[in-house]
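K.L.:
Below is a structure I'd like to ask you about.
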Amino acid sequence: MLSALQQKRLSYKPSVPPLLNDLSAVSLEPDGPSNLPDKLCKIFVKTHDLHKHTIKKSRKVDGRKLIVGALFSGGQAPGGHNVLAGLFDGITQIHPHSRLIGFIDGAGGLIENKCKTLDAAAIDSVRNQGGFDLIGASRIKIETEEQFEAAEKTVREQRLDALVIIGGDDSNTNAAFLAEFFAAKGLSISVIGVPKTIDADLRSDEIEISFGFDSACKTYSEMIGNIERDALSSKKYYHFIKLMGRSASHIALECALATCPNLTLISEEKRGLAQIVKEIADLIEERKKLGKNYGVILLPEGLIEFIPEIKELITLLNQILAKETDTDAAVKQLGEEQKAVFFSLPEKIQQQLLSERDPHGNVQVAKIETELFLIELVGKELEQRNLKFNPVHHYFGYEGRACLPSNFDANYCYALGKFGALVAREKVTGVILAIQHVSRSLAEWELTAVPIVSLMDFEMRAGKEKPVIAKALVDLESPAYLRFAQKRGGWKLDDAYQMPGPMQFFGDAEITDSAPLTLK
Ligand code: FBP
């Protein structure tokens, strides 16, 4: 049973760029191959010279029946169901007998050929709804030869013309490997990636933003604004709010611009631990002099990974734990300096740093209680200054990942899905869908299919050098960061808090259709 708002959202009609209205009147134009370094060409033998393609008006094209498979990979991001809706509407516009197949629980469904046909009724039940629950998702990666072969068997059995992988940096890296594998096997299938992640760390010159970021940030900003108002009213607590976002601080930056809290830590500034603790303690002391014993402090989930001394420790632990399962033995293998850092941390944090790695061999920052760790250290520093504070800690993460998508994400995702249908029709493979100028009017959106390999670099993963799409971190030269840097001094002592309020779906377009502030 849907809530009244969910029901109302089912009938929202996403707006798309005019070129996507009639797919029979557009085609894709190649732009020239990417010039990849030799090291990548040797790995992507069949797909290293793929072209970038841009959508163009064309004379009427007759569509053929398409069978397209889709899966969700990684964490939820609001708008995923609209990618499926756009795909469905796109392929059935191309040919009314086209079929969309959803693989159950991510790549696992592809490997095991567990899937279901997504017909009009199924798609209509999730239009403009949050979550990925229509088909589920997982972090399963296709890694072994057997898994690649199982995926091949599935796409042959299902007679897929295209496979759409809706995922983040690692899932799109996986999509590039699948495209290469299928091409080497002589399969004529398009593998198409869609940039998904609330973290917004999957970006390039062409990919302006990943979907889900806008809705998640609007949800967190509403809650931060509410807490600011509470702090301003009760005047007794310091709220430490950790925000999801894995490594990059894009979410913290966006929320800071929307809510103007007293302090926001940005991991990419790479401050040492002592410096961070001093900055927070100084803020509390200065505010106390003004009679203000309250405040709001934002910290990104990935902060701990960027603190230089802890970063070194984590990198080494990731390498050791890729081979060593006994955590005590792993600690013994650390150098003297890293051991000293490790044992200087609270026991709980030590345990969290040793906890199970994600499927890519990285520490799971969502499970590290950095906010509590900082509260403890700041408390000790304040004690030395004969000061006290009343901290409250929060973690805003999962509550923003499956919310109803904002109009921005609903439109953006639907456009990505429809564009994906066109890319499938044009048989282009190994590409990720990219839309530029998304904060401008729809007519100005530029749609490009970019070879995934052109986004790749080499990184150490689980102790080995691997080609991956590098995570896009906050650029300390970007206009959004510079604006934040210019404003934050004034937010420390003056309570310039802004309360964005709940995400709006009805009313003034300025409020309902706004794009992320960091894009403006
Ligand atoms: P994706 O990159 O897969 O979209 O996931 C993002 C994220 O929400 C991070 O912000 C967070 O650190 C992580 O997922 C949490 O992972 P899990 O869902 O496995 O707990």
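K.L.:
Which of the residues belonging to the stretch 43-61 are of a type in the set (Lys, Arg), farther than 22 Å from Val191 by Cβ and out of contact with any helix residue (DSSP H, G or I) (no Cβ under 6 Å at 6 or more places or on another chain)?
P.N.:
Matches in the stretch 43-61: Lys56, Lys57, Arg59.
K.L.:
Just checking, does the stretch 81-91 include any residue being within 16 Å of the ligand (Cβ to nearest atom), of a type outside the set (Gly, Ala, Ser), touching a strand residue (DSSP E or B) at 6+ places or on another chain (Cβ under 9 Å) and closer than 19 Å to Glu152 by Cα?
P.N.:
no
K.L.:
Please go through the stretch 452-461 and give me each residue that is surrounded by fewer than 16 Cβ atoms within 10 Å (Cβ to Cβ) and touching a residue at least 60 places away in the same chain (Cβ under 8 Å), ordered by number.
P.N.:
Of everything in the stretch 452-461, those that are surrounded by fewer than 16 Cβ atoms within 10 Å (Cβ to Cβ) and touching a residue at least 60 places away in the same chain (Cβ under 8 Å) turn out to be Phe458, Met460.
Quick grid of which residues meet (1) under 28 Å from Ser138 (Cβ atoms); (2) surrounded by fewer than 20 Cβ atoms within 10 Å (Cβ to Cβ):
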{"position": "Val331", "(1), (2)": "no, yes"}
{"position": "Leu334", "(1), (2)": "no, yes"}
{"position": "Pro346", "(1), (2)": "no, yes"}
{"position": "Leu353", "(1), (2)": "yes, no"}
{"position": "Asn362", "(1), (2)": "yes, yes"}
{"position": "Val365", "(1), (2)": "yes, no"}
{"position": "Ile368", "(1), (2)": "yes, no"}
{"position": "Arg385", "(1), (2)": "no, yes"}
{"position": "Phe396", "(1), (2)": "yes, no"}
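K.L.:
With the requirement that a residue be among the hydrophobic types (A, V, I, L, M, F, W, C), in contact with an Asp or Glu (Cβ under 7 Å, 6 or more places away or on another chain) and surrounded by 24 or more Cβ atoms within 10 Å (Cβ to Cβ), what does the stretch 190-237 give you?
P.N.:
Within the stretch 190-237, Leu202, Phe211, Cys217 meet the criteria.
K.L.:
Do we find that Phe240 is away from the ligand (no atom under 16 Å from the Cβ), in contact (Cβ under 8 Å) with a residue 40 or more places away in the chain and crowded, with 23+ Cβ neighbours inside 10 Å in this structure? Give the derivation first.
P.N.:
Details: away from the ligand (no atom under 16 Å from the Cβ): yes; in contact (Cβ under 8 Å) with a residue 40 or more places away in the chain: yes; crowded, with 23+ Cβ neighbours inside 10 Å: yes.
Yes.
K.L.:
Further question: Here is a list of conditions, (1) in a helix (DSSP H, G or I); (2) under 29 Å from Met460 (Cβ atoms); (3) more than 16 Å from the ligand (Cβ to nearest atom), and Ile304 meets all of them except one; can you say which number that is?
P.N.:
Evaluating Ile304 over (1) in a helix (DSSP H, G or I); (2) under 29 Å from Met460 (Cβ atoms); (3) more than 16 Å from the ligand (Cβ to nearest atom) leaves (3) as the failure.
K.L.:
Among the residues of the stretch 173-232, write down those that are of a type in the set (D, E, K, R) and away from the ligand (no atom under 12 Å from the Cβ).
P.N.:
Glu180, Lys185, Arg203, Asp205, Glu206, Glu208, Asp214, Lys218, Glu222, Glu228, Arg229, Asp230 - these are the residues of the stretch 173-232 that are of a type in the set (D, E, K, R) and away from the ligand (no atom under 12 Å from the Cβ).
K.L.:
A follow-up question, please. Check Ala248, Ala281, Ala258 and return the single one that is touching a residue at least 24 places away in the same chain (Cβ under 8 Å) and within 16 Å of the ligand (Cβ to nearest atom).
P.N.:
Unique residue meeting the criteria: Ala248.
K.L.:
Across the stretch 138-163, which residue is nearest to Leu84 (Cα to Cα) among those that are within 16 Å of the ligand (Cβ to nearest atom) and hydrophobic (A, V, I, L, M, F, W, C)?
P.N.:
The qualifying residue nearest to Leu84 (Cα to Cα) is Ile140.
K.L.:
Just a yes or no: is a residue in the stretch 364-376 modelled with pLDDT of 95 or more and basic (Lys, Arg)?
P.N.:
Looking for residues that are modelled with pLDDT of 95 or more and basic (Lys, Arg), one finds none in the stretch 364-376, hence no.
K.L.:
Oh, and also: Going through the stretch 224-247 one residue at a time, which ones are assigned to a loop (DSSP other than H, G, I, E, B) and under 30 Å from Ala107 (Cα atoms)? Give the derivation first.
P.N.:
As a first pass, look at the stretch 224-247 and keep what is assigned to a loop (DSSP other than H, G, I, E, B): 235-237, 244-247.
Matches in the stretch 224-247: Met244, Gly245, Arg246, Ser247.
K.L.:
Turning to a different aspect of this structure: Tally time: how many residues in the stretch 484-510 are among the basic types (Lys, Arg) and surrounded by fewer than 16 Cβ atoms within 10 Å (Cβ to Cβ)? It would help to see each step written out before you state the result.
P.N.:
We begin by selecting, within the stretch 484-510, every residue among the basic types (Lys, Arg); these are 487-488, 492.
Next, only the ones that are surrounded by fewer than 16 Cβ atoms within 10 Å (Cβ to Cβ) stay: 487.
Looking only at that region, the number is 1.
K.L.:
I need the full set of residues from the stretch 75-97 which are surrounded by 24 or more Cβ atoms within 10 Å (Cβ to Cβ) and under 17 Å from Ala107 (Cβ atoms), in order please.
P.N.:
Ala77, Gly80, Val83, Leu84
K.L.:
Within the stretch 436-450, is even one residue among the basic types (Lys, Arg) and either assigned by TED's automatic domain parsing to the domain that holds Phe182 or without any contact (Cβ under 8 Å) to a residue 40 or more places away in the chain (or both)?
P.N.:
yes
K.L.:
Please count how many residues of the stretch 385-423 are within 16 Å of the ligand (Cβ to nearest atom) and outside any strand (DSSP E or B).
P.N.:
12
K.L.:
May I pose another question? Could you grab me the full set of residues in the stretch 26-42 that are surrounded by 14 or more Cβ atoms within 10 Å (Cβ to Cβ) and more than 24 Å from Leu187 (Cα to Cα)?
P.N.:
Val26
The values are calculated or read from the model by the stated rules, or taken from the named source; none is laboratory data. Please read these numbers as outputs of a predicted model, since none were measured by experiment. When we count neighbours, we look across all protein chains shown, and the Cβ atoms used for this are built from the backbone with ideal geometry, even at glycine.
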